[in-house]
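Okay, so here's the structure we're looking at.
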Amino acid sequence: MVEVKLEGIVKTFGETVALKGIDLHIKHGELFTLLGPSGCGKSTTLRIIAGLDFPDEGHLYFDDEEVTYKSSSERGAVLVFQNYALWPHMTVYDNIAYGLKIRKLPKQEIEKRVKWALELVKLQGYEDRYPTQLSGGQQQRVAIARALVVEPKLLLLDEPLSNLDAKLRLEMRSEIRRIQRELGITVLYVTHDQEEAMAISDRIAVMNIGQIEQVGTPKEIYEEPKTEFVASFMGKTNVIPAEVVEREGDKVTVEFENFRLDGLTYKDKNDKVVIVIRPERISLHPIENAVAITGKVDLIEYYGFFIEVVGLFGERRIIARTINDKDVAHLRPQGEVTFYIDRNDVLVLPKQSL
Amino acid sequence: MKVSKWSERLFGTPLFEPLVAFSYIFPLLYLIVFLIVPVLSMLLIAFTYDGNISLHWFKSILMDSYYIQLPPQGEFAQKLTTSTGESLYLLRGLDFGVVLNSLVVAILVTLLTAILGTVFAFVMARYNFKGKNFFRIALFIPLLVTPFVNAYVIKQMFSEYGLINYIFHEVLHILPFRIKIDGLAGVVLAQAMAYYPIVYLNAYASFINIDPTLEEQAENLGSRGFHLFRTVTFPLALPGIAAGATLVFIFSLEDLAAPVVFHGDPLAKKLMSYQIFSKFIYGLGERSPEIAALSIIMLALAVIAFLGIRKYVGLRQYAMLSKGGRWKPRISEPKPWQTLLIYLVLLPALLITIFPQLGVVMLAFSERWTTTVLPQGFTIDYIKEMILNPDVRRFIVNSLVYSGAAVILIVLLSITSSYATSRFKGILSPVLESIVILPIAVPGIVVAMGYFYFFSAITPENSPLNPTSLYGFNPALVLILAYSIRRLPFAARSVYAGLQQVHVSLEEASMNLGASRWKTIIGILLPLISLNAFGGAMLSFVYSMSETSVGITLGSINMAQAPITAFMKEVLMSAAGSINIAAALGVLLIVVQITAIVVVNVITKQRYSFIGLT
């Protein structure tokens with residue numbers, strides 16, 4: 001178990017700046033996720049922590065020891081690769097035993113620990129198979145067993161579920177969570193899937209173009225995004241460019257397309273803003289203390305038990321998600337519709353130049 | 001430890017690692033010392049006159065009508081009459097002077113092989129016909145290298161009473177007169193027949209690798225037949241065809257076997273390769289600046305062709321643009337006129353071009369071959385003699401030892417250089433990548449001359465390492481070095497391809513789990529590329545056994561330590577032994593080559609990978 005600290009990590013590849021100064025603090029026994037779109041630098045961060053790449057600037061600490069330039073083989077931060085990187089010329093047993101043999105453990109000890117690892121990932125009886133004789137999910141379990149068997153200080157998982165089908169993905173997700181809880185090790189997890197990140201993590205760092213946008217628990221990240229990017233990245237949401245037209249202390253009135261929303265909380269000085277409203281927080285029924293905006297129905301999308309109504313407000317499309325019941329049956333494309341929005345569900349964030 | 005900027009720049013590793021540095025420096029230094037420096041040492045001699053830097057030798061070559069003869073002299077074809085009163089056309093070619101002759105011959109051979117190779121490749125890639133498997137196997141036969149003897153058989157085939165006149169004049173009466181091909185025309189013929197499968201293999205691979213949907217789309221838009229071929233298929237295959245053709249150009253330029261065999265006609269001697277060779281043989285011990293200059297001219301032509309094709313192919317990698325998906329190969333039944341073409345033109349052409357190798361085998365098992373169509377009298381005396389006579393066996397043992405030693409070096413060089421260039425992105429990577437395949441572009445005779453000047457300059461005067469030594473030069477080291485340099489590209493390409501198939505994460509996973517780089521290479525990388533290394537090693541071995549240029553020059557100074565090819569050349573040039581013994585050695589080489597092909601195919605389950613330039 002280890003605490004990981006990154007201070008001002010900068011990494012460039014030729015002309016491109018991959019990481020623009022990353023500060024992170026991952027706590028003991030935490031399952032911490034780096035989340036972001038492809039190319040945001042999350043894998044580079046992971047590789048730097050694993051010792052497979054080295055930063056141009058900045059420092060990396062495991063507990064109080066600086067390991068920035070320590071070689072990968074001496075770090076004890078073991079990585080499970082996205083493609084699993086199982087050695088095709090070795091059996092499952094030899095793959096898992098590899099790290100133990102490197103550590104020159106006695107033979108009985110190796111056997112004991114490989115057995116333990118196989119049990120942990122529920123692969124007893126597969127010792128003599130070769131990786132090519134395993135399914136994707138089994139290969140991944142071997143990769144995880146191979147990493148865990150050396151009792152790493154830190155387990156690094158690089159998009160571990162991206163090569164699995166949807167059903168297996170859910171299964172392995174809870175499996176990883178179970179193992180992490182059982183062993184109580186610190187895990188750093190990398191993914192581009194926000195749903196996966198929210199389901200599995202203690203805390204999440206959302207990354208974008210080489211920077212960390214926000215660190216927090218899944219709930220914080222989802223419900224209180226600090227930036228426009230985080231808001232738009234975490235699930236389907238309405239991000240509407242708008243302008244502050246009135247201010248009174250922390251309360252502002254914003255305007256978009258001739259629609260005004262008043263009494264919203266906003267502290268930043270920038271008058272160019274976006275308003276963020278989750279589709280499921282928009283009501284099609286009148287509610288108390290809500291702002292009401294009326295526009296045209298542009299499109300109705302059926303998902304079964306819920307529907308999404310795309311309303312057209314001037315030129316702006318806003319999505320509302322609602323239970324598919326009798327109350328919405330009257331809606332027709334091009335017909336009139338009123339969205340009711342609770343002010344507490346509206347976030348006003350400064351416009352980001354993306 | 002802190003990041004080392006110069007290590008990152010040079011070797012692509014932010015932390016300096018001796019093993020990685022070695023992977024760069026060992027092959028780099030080896031090639032610089034044993035390829036670049038020897039060749040450059042020749043430059044020094046070629047550009048020196050009266051102790052000053054001068055273009056004198058180049059000027060004297062380019063001004064001399066012996067070297068440049070414009071307009072050309074002689075008659076391309078002469079009409080003669082045989083003793084029996086039949087008319088005979090003797091084809092020898094025109095004399096453009098030594099330098100231009102080499103160029104003209106190389107260009108003609110390149111064009112002929114390009115056409116023949118492309119036609120064969122297209123037919124094999126796109127049509128189903130009876131006997132296709134025979135074609136497939138037969139097309140490999142001309143690739144079996146039997147130095148000198150196969151050119152000898154070609155000379156016999158196209159002589160006055162040879163096989164060609166027998167079939168086309170006496171039996172079929174297609175030719176109203178007899179023909180005889182000699183001189184430069186004979187050289188062109190012998191080279192074209194031996195080299196066209198190189199274009200074939202490269203072109204075939206190109207045709208096979210074209211995404212069928214590209215052609216289907218063109219058809220869908222209304223293109224058909226020759227228009228489709230001209231506008232889509234051919235342009236996509238052109239980089240591969242051009243790469244194969246360039247290789248042929250370089251091979252033709254440096255070839256010594258055909259000129260040596262046809263040297264009875266003085267015109268065949270007027271080629272750069274032969275001139276360098278003969279001046280070396282007859283003016284031994286003399287460090288002639290004129291020869292150095294001629295070597296430089298030859299090298300320049302080969303290198304220009306090599307760099308040109310690399311640039312061209314590099315610019316046109318579009319054949320690989322397509323996305324995945326399973327390809328349904330475009331194979332169809334030939335139309336009647338195409339069937340006719342296959343059986344009436346391609347089949348005879350194929351039979352003629354595989355005859356030399358068959359002829360070599362017949363020659364090895366026969367008593368004599370003088371004025372008859374085929375060799376006469378079956379005997380196994382020559383095979384026996386090759387095995388039992390210690391004077392002949394010695395050459396075989398020498399070649400085995402030199403080739404074996406060279407292969408060990410080649411494997412080490414291939415693995416280190418491929419590891420460095422495929423895994424790290426230091427500024428030395430592209431340098432190393434180019435220098436490792438550079439030997440393809442350096443004619444063997446130029447390597448031989450470079451070594452001659454280099455080793456006679458740096459070794460003590462009468463030491464066994466000095467080619468001008470009076471007390472017996474031992475060519476072992478020089479030959480091993482020359483083989484290891486000249487045949488390196490074969491193995492290096494194979495190992496590099498293997499490394500590219502092994503994802504780098506397999507090595508990272510090992511190091512991440514605590515293994516050192518050395519342990520990772522030994523335990524993970526080498527087992528995964530061993531088949532590629534083995535295949536490459538076999539190929540290098542086979543072509544070291546049949547290496548000609550260095551073997552018949554430096555290798556023949558001291559016959560006690562000479563390789564097989566030096567002995568074969570002796571037989572052909574001095575009539576010291578019988579040609580049948582040379583043919584027996586040719587058969588031995590064929591056996592070695594076929595064994596290698598079969599073993600590589602069975603063990604690595606890969607197609608026998610022949611040479612390409614890309």
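The values are calculated or read from the model by the stated rules, or taken from the named source; none is laboratory data. The shown structure was predicted, so the numbers you read here are calculated from the model rather than taken from an experiment. Note that each Cβ is placed from the backbone with ideal geometry, even for glycine, and that neighbours are counted across all protein chains shown. Each accessible area value is taken on the protein alone, full model and side chains, heavy atoms only, with ligands, DNA and RNA left out. Shrake-Rupley method; radii C 1.70, N 1.55, O 1.52, S 1.80 Å.
Some points to look at:
- Test for A:Gln180: is it within 14 Å of chain B (Cβ to nearest Cβ) and either touching a Phe, Trp or Tyr at 6+ places or on another chain (Cβ under 7 Å) or part of a helix (DSSP H, G or I) (or both): no
- Hits in the stretch A:318-338 (condition: under 22 Å from A:Asp262 (Cβ atoms) and within 30 Å of the chain's Cα centre (by Cα)): A:Ile318, A:Ala320
- Among the residues listed as A:Arg317, A:Arg332, A:Arg321, A:Arg278, the single one being surrounded by fewer than 16 Cβ atoms within 10 Å (Cβ to Cβ), among the basic types (Lys, Arg) and under 21 Å from A:Ser232 (Cα atoms): A:Arg317
- Those residues of the stretch A:263-281 which are assigned to a strand (DSSP E or B), within 27 Å of A:Ile323 (Cα to Cα) and touching a Ser or Thr at 6+ places or on another chain (Cβ under 8 Å), in sequence order: A:Leu264, A:Val276, A:Ile277
- Within the stretch A:178-195, the residues that satisfy the criterion of being under 16 Å from A:Leu79 (Cα atoms) and in contact with a strand residue (DSSP E or B) (Cβ under 8 Å, 6 or more places away or on another chain) are A:Gln180, A:Ile185, A:Thr186, A:Val187, A:Leu188, A:Tyr189, A:Val190, A:Thr191.
- Enumeration of residues in the stretch A:73-103 that are among the polar types (S, T, N, Q), within 8 Å of chain B (Cβ to nearest Cβ) and farther than 22 Å from A:Gln180 by Cα: A:Ser73
- Tally, over the stretch B:13-60, of residues that are closer than 22 Å to B:Tyr453 by Cα, outside any strand (DSSP E or B) and either in contact with an Asp or Glu (Cβ under 7 Å, 6 or more places away or on another chain) or of a type in the set (S, T, N, Q) (or both): 4
- Pairs linking a residue in the stretch B:581-595 that is open to solvent by less than 10 Å² (accessible area, probe 1.4 Å) to a residue that is of a type in the set (S, T, N, Q) and assigned to a helix (DSSP H, G or I), with Cβ atoms under 8 Å and 6 or more positions apart or on different chains, are B:Gly586/B:Asn150.
- Residues being at pLDDT below 90, open to solvent by 20 Å² or more (accessible area, probe 1.4 Å) and not hydroxyl-bearing (Ser, Thr, Tyr) - total across the stretch B:180-214: 6
- Residues of the stretch B:1-12 classified as open to solvent by 60 Å² or more (accessible area, probe 1.4 Å) and in a loop (DSSP other than H, G, I, E, B), total: 2
- Among the candidates A:Glu213, A:Glu196, the residue that is farther than 21 Å from A:Val276 by Cα, under 13 Å from the mean Cα position of the chain (by Cα) and touching a residue at least 12 places away in the same chain (Cβ under 8 Å) is uniquely A:Glu196.
- Candidate set from the stretch B:18-33 (those that are within 14 Å of chain A (Cβ to nearest Cβ) and in contact (Cβ under 8 Å) with a residue 12 or more places away in the chain); member that is least open to solvent (accessible area, probe 1.4 Å): B:Val20
- Where helices (runs of 4 or more DSSP H) sit wholly within the stretch B:97-176, those with at least 3 residues that are in contact with a Leu (Cβ under 8 Å, 6 or more places away or on another chain) and closer than 30 Å to B:Phe567 by Cα occupy B:98-126, B:149-157.
- If the condition is being exposed (fewer than 13 other Cβ atoms within 10 Å of the Cβ) and modelled with pLDDT of 65 or more, then the stretch B:316-337 contributes B:Lys328, B:Pro329, B:Ile331, B:Ser332, B:Glu333, B:Lys335, B:Pro336, B:Trp337.
- Among the residues making up the stretch A:238-261, those that are over 17 Å from A:Arg316 (Cβ atoms) and open to solvent by 70 Å² or more (accessible area, probe 1.4 Å) are A:Glu246, A:Arg247, A:Glu248, A:Asp250, A:Lys251.
- Residue match in the stretch B:462-472 (condition: within 14 Å of chain A (Cβ to nearest Cβ), of a type outside the set (Ser, Thr, Tyr), on the phi < 0 side of the Ramachandran plot and open to solvent by 10 Å² or more (accessible area, probe 1.4 Å)): no
- Restricting the stretch B:481-508 to residues that are among the aromatic types (Phe, Trp, Tyr) and open to solvent by 10 Å² or more (accessible area, probe 1.4 Å), the residue that is farthest from the other protein chains (Cβ to nearest Cβ): B:Phe490
- Residues of the stretch B:348-391 classified as of a type in the set (Asp, Glu) and assigned to a loop (DSSP other than H, G, I, E, B), total: 0
- All told, B:Tyr282 falls short of being modelled with pLDDT of 90 or more, surrounded by fewer than 24 Cβ atoms within 10 Å (Cβ to Cβ) and farther than 20 Å from B:Tyr196 by Cα.
- Residues that are more than 13 Å from every other protein chain (Cβ to nearest Cβ) and β-branched (Val, Ile, Thr), drawn from the stretch B:522-561: B:Val542, B:Thr548, B:Val550, B:Ile552, B:Thr553, B:Ile557
- Restricting B:Ile137, B:Ile174, B:Ile167 to those that are of a type in the set (A, V, I, L, M) and either open to solvent by less than 50 Å² (accessible area, probe 1.4 Å) or under 26 Å from B:Leu247 (Cα atoms) (or both) reduces the list to B:Ile137.
- The stretch A:133-173, subset within 13 Å of another protein chain (Cβ to nearest Cβ) and open to solvent by 60 Å² or more (accessible area, probe 1.4 Å), residue nearest to the chain's Cα centre (by Cα): A:Asn163
- When A:Thr186, A:Thr191 are checked against the criterion of being in contact with a His (Cβ under 8 Å, 6 or more places away or on another chain) and away from every other protein chain (no Cβ under 14 Å), a single residue qualifies: A:Thr186.
- A single member of A:Ala197, A:Ala205 is surrounded by 22 or more Cβ atoms within 10 Å (Cβ to Cβ) and part of a helix (DSSP H, G or I), and it is A:Ala197.
- Only a single criterion out of (1) open to solvent by less than 70 Å² (accessible area, probe 1.4 Å); (2) of a type in the set (A, V, I, L, M, F, W, C); (3) farther than 30 Å from B:Tyr200 by Cα; (4) at pLDDT 85 or above is not satisfied by B:Leu15, namely (4).
- Residue list for the stretch B:509-518, restricted to those being surrounded by fewer than 19 Cβ atoms within 10 Å (Cβ to Cβ) and within 7 Å of chain A (Cβ to nearest Cβ): B:Ser516
- Residue satisfying all of: in the stretch A:221-237; β-branched (Val, Ile, Thr) and surrounded by fewer than 23 Cβ atoms within 10 Å (Cβ to Cβ); farthest from A:Ala199 (Cα to Cα) among these: A:Thr227
- Count of residues meeting criterion [part of a loop (DSSP other than H, G, I, E, B), open to solvent by less than 10 Å² (accessible area, probe 1.4 Å) and within 14 Å of chain B (Cβ to nearest Cβ)] in the stretch A:20-64: 2
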